[in-house]
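Visitor: Have a look at this one before I ask anything.
The values are calculated or read from the model by the stated rules, or taken from the named source; none is laboratory data. If you're wondering where the values come from, they're calculated on a predicted model, not measured in any experiment. FYI the Cβ positions are ideal-geometry reconstructions off the backbone, even for glycines, and counts take in every protein chain you see. Heavy atoms of the whole protein, side chains included, go into the accessibility calculation; ligands, DNA and RNA do not. Shrake-Rupley method; radii C 1.70, N 1.55, O 1.52, S 1.80 Å.
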Amino acid sequence: MIKSTASNFDVLKEARTITIDRTFKAPLDPVWAAWTQADILCQWWAPKPYECVIKSLDFREGGRWLYYMQGPQGDRHWCYFDYETIRPKTHFSGSDAFCDEHGVANNIKPRVTWEANFSAAEGSTAVHVVLHFASPEDLAQLIAMGFKEGMSQGLDQLDELLAAPSV
């Protein structure tokens, strides 16, 4: 298995941000597809033993990704991501929240604004993600919920997926 060449996860409480940098040993096209196409995204997004089930993904400015993460006991954790800006194969941004099955936000976790940037260089693709929080307390709550571990596991799963010949 080819692992990513770099991975950083920086929490800046004063700036109310989490920055994630990961370089994948894969060309830009499959990395971008893995973040933006439902059939690929659902294969790596949820940390095991959870699985990601996508109800809808409308990848366009003003579109929404509505999904749930299902645990081994059948528990479901609904989430959405509202896309704000999209520059194909270089950037997308938006905000997420936990919600019900109809996409109505709840307060189980704080809302987060995401900026994801993609850049290619000689057979690898760097992904730079910045999460913005309304308060240091919101940031701390997400960290306490295991976000770093879950996101890191998901990115490791993406490494495995990108190394497979089918992607």
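Visitor: Residue pairs, Cβ under 6 Å, 6 or more apart or interchain, first in segment 35-59 and closer than 15 Å to residue 92 by Cβ and open to solvent by 40 Å² or more (accessible area, probe 1.4 Å), second in a strand (DSSP E or B) and at pLDDT 95 or above. List them.
Guide: Pairs found: 57/65; 58/64.
Visitor: Still on this structure, please answer the following. For residues that are polar (S, T, N, Q) and not in a strand (DSSP E or B), scanning just segment 96-116, find the one that is surrounded by the fewest Cβ atoms within 10 Å (Cβ to Cβ).
Guide: The extreme case among them is 107.
Visitor: Just checking, how many residues over segment 121-158 are of a type in the set (D, E, K, R), open to solvent by 60 Å² or more (accessible area, probe 1.4 Å) and within 16 Å of the chain's Cα centre (by Cα)?
Guide: The total comes to 2.
Visitor: Tell me which of these residue 117 doesn't satisfy, since it passes every other one: (1) more than 16 Å from residue 36 (Cβ to Cβ); (2) within 13 Å of the chain's Cα centre (by Cα).
Guide: It is condition (1) that residue 117 fails.
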